[in-house]
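S.K.: For reference, the structure I am asking about is given below.
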Amino acid sequence: MAESIKFYGTGRRKNAIAKVWLVPGTGNFTINKRELGEYFGKKTLEMIVRQPLVLTSTLDKYDVVATVFGGGTTGQAGAVRHGIARALVKADEELRPALKQAGFMTRDPRMKERRKYGLKKARKASQFSKR
């Protein structure tokens, strides 16, 4: 039995982590065993996820299967985009310059700042009164 070719990429953004597999197919998206529109709900998030495939004109070449956890919906969409870009580079190394130029290969390092002692949140202090 010949196993089908799969390309894997891990994507991260904020606290979201996405495991993405590209399988030769017709352009179907499955995220956490649900359809793309059903999982994200917003058209802007669907657009973010599709960006690397649209840029490289491979939207109808691959099916995307992704598992995402952690973070919020926007972070998860960014993580899936990052994972798709990494998997595309494994599939075809010549796509790397275009994806890098668009900024899809760079991991977004912004994270939530840790809470400091004496404060209510990372920077929020209790109200100050002189008297």
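The values are calculated or read from the model by the stated rules, or taken from the named source; none is laboratory data. Just so it is clear, the model here is predicted, and its values are computed rather than measured. As a convention, Cβ positions derive from the backbone with ideal geometry for all residues, glycine included, and neighbour counts pool all protein chains shown.
S.K.: Restricting attention to the stretch 1-44, which residues are over 10 Å from the mean Cα position of the chain (by Cα) and among the aliphatic types (A, V, I, L, M)?
M.R.: Within the stretch 1-44, 1, 2, 5, 22, 23, 31, 36 meet the criteria.
S.K.: Right, next: Among the numbered criteria (1) surrounded by 12 or more Cβ atoms within 10 Å (Cβ to Cβ); (2) part of a loop (DSSP other than H, G, I, E, B), which one does residue 60 miss?
M.R.: Going through (1) surrounded by 12 or more Cβ atoms within 10 Å (Cβ to Cβ); (2) part of a loop (DSSP other than H, G, I, E, B) one by one, residue 60 breaks only (1).
S.K.: Determine if the stretch 16-27 includes at least one residue that is more than 24 Å from residue 6 (Cα to Cα), surrounded by fewer than 21 Cβ atoms within 10 Å (Cβ to Cβ) and of a type in the set (Val, Ile, Thr). Give the derivation first.
M.R.: To start, the set of residues in the stretch 16-27 that are more than 24 Å from residue 6 (Cα to Cα) comprises none.
No, because not a single residue in the stretch 16-27 is more than 24 Å from residue 6 (Cα to Cα), surrounded by fewer than 21 Cβ atoms within 10 Å (Cβ to Cβ) and of a type in the set (Val, Ile, Thr).
S.K.: Among the listed residues 68, 89, which satisfies the condition of being part of a helix (DSSP H, G or I) and farther than 18 Å from residue 26 by Cα?
M.R.: Working: 68 fails: part of a helix (DSSP H, G or I).
It is 89.
S.K.: While we're here: Need pairs with beta-carbon distance below 8 Å; first residue farther than 15 Å from residue 88 by Cα and part of a loop (DSSP other than H, G, I, E, B) and within the stretch 99-110, second at pLDDT below 90 and not polar (S, T, N, Q); sequence gap 6+ or separate chains.
M.R.: The qualifying pairs are 110/14.
S.K.: When you scan the stretch 101-124, how many residues do you find that are of a type outside the set (Lys, Arg), farther than 22 Å from residue 74 by Cβ and surrounded by 10 or more Cβ atoms within 10 Å (Cβ to Cβ)?
M.R.: Here is the first cut: in the stretch 101-124, the ones of a type outside the set (Lys, Arg) are 101-106, 108-109, 111, 113, 117-119, 122.
Those still in the list that are farther than 22 Å from residue 74 by Cβ too: 101, 117-119.
Retained after the next criterion (residues that are surrounded by 10 or more Cβ atoms within 10 Å (Cβ to Cβ)): 101, 119.
So the count comes out to 2.
S.K.: If you don't mind, another one. Taking the criterion of being of a type in the set (Lys, Arg) and in contact (Cβ under 8 Å) with a residue 24 or more places away in the chain, would at least one residue in the stretch 78-86 satisfy it?
M.R.: Residues of the stretch 78-86 of a type in the set (Lys, Arg): 81, 86.
Still in the running and in contact (Cβ under 8 Å) with a residue 24 or more places away in the chain: 81, 86.
Yes, that holds for at least one residue.
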